[in-house]
Amino acid sequence: MPIFLDTGKVDEVEKYMKMGIIRGVTTNPTILFKDGVKGGLKGVRERSVEIAKLISPYPLSVEVT
């Protein structure tokens, strides 16, 4: 069973990817803003792309409102 990390923090993603225990990331604007993302939807997009690059080829799921 694959484990997905639910976060918007790049350092957490890096940590768990290095450990090899996650197979993807889920997040949403609420989590991203809580985790310090600024700049509205542009900031959400930028952080999402950053996370996607870190976890490639694994999936990133970004839920929207």
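The values are calculated or read from the model by the stated rules, or taken from the named source; none is laboratory data. The structure displayed is predicted, hence computed values, not measured ones. The accessibility values were calculated without ligands, DNA or RNA, using every heavy atom of the protein model including side chains. Shrake-Rupley method; radii C 1.70, N 1.55, O 1.52, S 1.80 Å.
Per the Debye calculation on the chain with a single equal scatterer at every Cα and no solvent contribution, log₁₀ I(q)/I(0) for q = 0.27 Å⁻¹ amounts to -1.21. For the chain, how many pairs of lysine residues have a Cα-Cα distance under 20 Å, where the two are 8 or more positions apart or belong to different chains? Lysine pairs meeting both conditions in the chain amount to 11.
Nonpolar atom fraction for the chain, defined as the carbon and sulfur part of the 1.4 Å probe accessible area, stands at 57 percent. To the nearest ten degrees, helix 10-19 and the longest principal axis of the Cα atoms of the chain are 10 degrees apart. Solvent-accessible area of residue 55, all protein chains in place: 0 Å² (probe radius 1.4 Å, heavy atoms, ligands and nucleic acids excluded). Heavy atoms of the protein chains alone define the surface here; on that basis the chain has 67 Å² accessible area per residue at 1.4 Å probe size.
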